[in-house]
Amino acid sequence: DTEGHAPVAWSGVPLVAMGVPEYASLGRRIETRDGARATVRYVGSVDGQDGEWVGVEWDDPSRGKHDGSHDGKRYFECAATDLEPGALPASFVRAHKIRPSVTFAAAIRAKYLDGKGAIAKVPKTRGDDADADGDDG
(Lines give C-alpha, C1' and ligand atoms only; values in the text may rest on other atoms or scores of the structure.)
Protein backbone atom coordinates (compact mmCIF):
# COMPACT_ATOMS: atom_id res chain seq x y z
CA ASP A 1 0.00 0.00 0.00
CA THR A 2 1.63 3.27 -1.14
CA GLU A 3 -1.19 5.68 -0.32
CA GLY A 4 0.18 8.74 1.43
CA HIS A 5 3.79 7.81 0.65
CA ALA A 6 6.15 9.38 -1.85
CA PRO A 7 6.78 7.29 -4.98
CA VAL A 8 9.99 5.29 -4.85
CA ALA A 9 12.56 4.06 -7.32
CA TRP A 10 13.50 0.41 -7.50
CA SER A 11 16.12 1.15 -4.86
CA GLY A 12 13.33 1.91 -2.37
CA VAL A 13 14.47 5.52 -1.83
CA PRO A 14 11.70 8.17 -2.06
CA LEU A 15 12.05 10.04 -5.35
CA VAL A 16 11.91 13.45 -3.75
CA ALA A 17 14.86 12.50 -1.55
CA MET A 18 16.88 11.67 -4.67
CA GLY A 19 16.14 15.02 -6.32
CA VAL A 20 13.80 13.57 -8.94
CA PRO A 21 10.43 15.35 -9.06
CA GLU A 22 7.29 13.38 -8.27
CA TYR A 23 5.92 13.90 -11.77
CA ALA A 24 8.75 11.67 -13.00
CA SER A 25 7.44 8.61 -11.18
CA LEU A 26 6.91 5.24 -12.85
CA GLY A 27 4.14 5.16 -15.44
CA ARG A 28 3.72 8.94 -15.57
CA ARG A 29 3.65 10.90 -18.81
CA ILE A 30 6.44 13.43 -19.41
CA GLU A 31 7.68 15.60 -22.23
CA THR A 32 10.97 17.22 -23.12
CA ARG A 33 11.61 20.89 -23.76
CA ASP A 34 11.16 20.28 -27.49
CA GLY A 35 7.74 18.67 -26.92
CA ALA A 36 8.67 14.99 -27.39
CA ARG A 37 6.47 12.82 -25.16
CA ALA A 38 7.24 9.62 -23.31
CA THR A 39 6.24 7.35 -20.43
CA VAL A 40 8.52 6.97 -17.40
CA ARG A 41 9.65 3.33 -17.10
CA TYR A 42 12.55 3.61 -14.62
CA VAL A 43 13.94 6.05 -12.06
CA GLY A 44 17.29 5.50 -10.38
CA SER A 45 20.98 5.03 -10.91
CA VAL A 46 22.58 3.62 -14.07
CA ASP A 47 25.81 1.64 -13.71
CA GLY A 48 28.83 3.66 -14.80
CA GLN A 49 26.92 6.97 -14.80
CA ASP A 50 26.77 9.66 -12.12
CA GLY A 51 23.53 10.71 -10.47
CA GLU A 52 19.94 9.68 -10.94
CA TRP A 53 18.34 9.01 -14.32
CA VAL A 54 14.82 8.78 -15.67
CA GLY A 55 14.36 5.91 -18.11
CA VAL A 56 11.66 6.70 -20.66
CA GLU A 57 9.88 4.96 -23.50
CA TRP A 58 9.24 7.51 -26.25
CA ASP A 59 5.91 7.82 -28.04
CA ASP A 60 8.01 8.08 -31.22
CA PRO A 61 10.21 4.96 -31.05
CA SER A 62 12.68 6.39 -33.58
CA ARG A 63 13.78 8.91 -30.94
CA GLY A 64 15.18 6.22 -28.64
CA LYS A 65 18.73 5.02 -28.20
CA HIS A 66 18.18 1.60 -26.58
CA ASP A 67 15.56 -0.94 -25.50
CA GLY A 68 15.65 -0.30 -21.74
CA SER A 69 19.09 -1.79 -21.18
CA HIS A 70 22.51 -0.17 -20.85
CA ASP A 71 25.85 -1.96 -21.21
CA GLY A 72 24.13 -5.35 -21.08
CA LYS A 73 22.05 -4.64 -17.95
CA ARG A 74 18.25 -4.53 -18.25
CA TYR A 75 16.72 -1.57 -16.38
CA PHE A 76 13.17 -1.68 -17.76
CA GLU A 77 10.96 -3.22 -20.42
CA CYS A 78 9.38 -1.33 -23.31
CA ALA A 79 5.96 -2.08 -24.77
CA ALA A 80 7.21 -1.16 -28.26
CA THR A 81 9.83 -3.93 -28.25
CA ASP A 82 7.05 -6.48 -27.76
CA LEU A 83 5.32 -5.11 -30.85
CA GLU A 84 8.43 -4.62 -32.95
CA PRO A 85 11.41 -6.85 -32.10
CA GLY A 86 14.66 -4.93 -32.42
CA ALA A 87 13.03 -1.55 -31.75
CA LEU A 88 15.02 0.99 -29.72
CA PRO A 89 12.28 3.19 -28.21
CA ALA A 90 13.99 4.13 -24.93
CA SER A 91 16.47 6.61 -23.48
CA PHE A 92 17.80 7.71 -20.12
CA VAL A 93 17.32 11.43 -19.47
CA ARG A 94 18.06 13.79 -16.61
CA ALA A 95 15.10 14.98 -14.56
CA HIS A 96 15.86 18.65 -15.24
CA LYS A 97 15.33 18.05 -18.98
CA ILE A 98 11.72 16.88 -18.63
CA ARG A 99 8.44 18.30 -17.44
CA PRO A 100 5.03 16.80 -16.71
CA SER A 101 2.91 16.01 -19.72
CA VAL A 102 -0.80 15.44 -20.07
CA THR A 103 -2.74 12.29 -20.70
CA PHE A 104 -4.58 11.86 -23.97
CA ALA A 105 -7.93 12.39 -22.20
CA ALA A 106 -6.68 15.61 -20.58
CA ALA A 107 -5.41 16.90 -23.94
CA ILE A 108 -8.82 16.26 -25.54
CA ARG A 109 -10.60 18.00 -22.64
CA ALA A 110 -8.29 21.00 -22.88
CA LYS A 111 -8.64 21.33 -26.64
CA TYR A 112 -12.37 20.73 -27.01
CA LEU A 113 -14.14 21.21 -23.68
CA ASP A 114 -12.26 23.54 -21.30
CA GLY A 115 -13.96 26.90 -21.02
CA LYS A 116 -16.88 25.83 -23.16
CA GLY A 117 -19.10 24.39 -20.46
CA ALA A 118 -21.15 21.28 -20.98
CA ILE A 119 -21.53 19.76 -24.40
CA ALA A 120 -24.58 21.35 -25.99
CA LYS A 121 -27.53 19.06 -26.50
CA VAL A 122 -28.79 18.79 -30.03
CA PRO A 123 -32.49 19.75 -30.13
CA LYS A 124 -34.89 17.00 -31.14
CA THR A 125 -36.56 17.22 -34.48
CA ARG A 126 -39.96 15.84 -35.44
CA GLY A 127 -38.41 12.70 -36.86
CA ASP A 128 -36.11 11.97 -33.91
CA ASP A 129 -37.74 10.34 -30.91
CA ALA A 130 -40.85 12.57 -31.09
CA ASP A 131 -43.68 11.48 -28.79
CA ALA A 132 -46.43 9.40 -30.43
CA ASP A 133 -48.97 12.15 -29.75
CA GLY A 134 -46.87 14.71 -31.65
CA ASP A 135 -45.96 16.58 -28.45
CA ASP A 136 -42.18 16.95 -27.96
CA GLY A 137 -42.60 17.65 -24.26
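Work out, step by step, the length gained on full extension between Asp34 and Ser62: first 0.36 nm times the residue separation, then minus their alpha carbon distance; give nm to one decimal.
That pair, Asp34 and Ser62, stretches by 8.6 nm at full extension.
Please state the charge dipole magnitude for region 16-113, taken about the Cα centre, from unit charges on C-beta atoms (+1 on K and R, -1 on D and E), reported in debye and rounded to the nearest 20. Present the calculation step by step, with values, prior to reporting the outcome.
Values: 14 positive and 14 negative charges, 96 e Å.
For region 16-113, the charge dipole is close to 460 debye.
Region 16-113: percent of C-alpha pairs farther apart than 18 Å?
Of all Cα-Cα pairs in region 16-113, 46 percent lie more than 18 Å apart.
Pulled fully out, how much extra length does the chain show between Ala79 and Tyr112, if you take 0.36 nm times their separation in residues and subtract their Cα-Cα distance?
Working it through step by step, the gained length comes to 8.9 nm.
Give the accessible surface of region 16-113 per residue, rounded to a whole number of Å², with probe radius 1.4 Å and ligands, DNA and RNA excluded.
Working: 5630 Å² over 98 residues.
The answer is 57 Å² per residue.
The values are calculated or read from the model by the stated rules, or taken from the named source; none is laboratory data. As the structure is a prediction and not an experimental result, all values here were calculated from the model. No Cβ is skipped: glycine too gets one built from the backbone with ideal geometry, and neighbour counts run over all protein chains shown. Side chains are part of the model used for accessible areas, which takes the heavy atoms of the whole protein and leaves out ligands, DNA and RNA. Shrake-Rupley method; radii C 1.70, N 1.55, O 1.52, S 1.80 Å.
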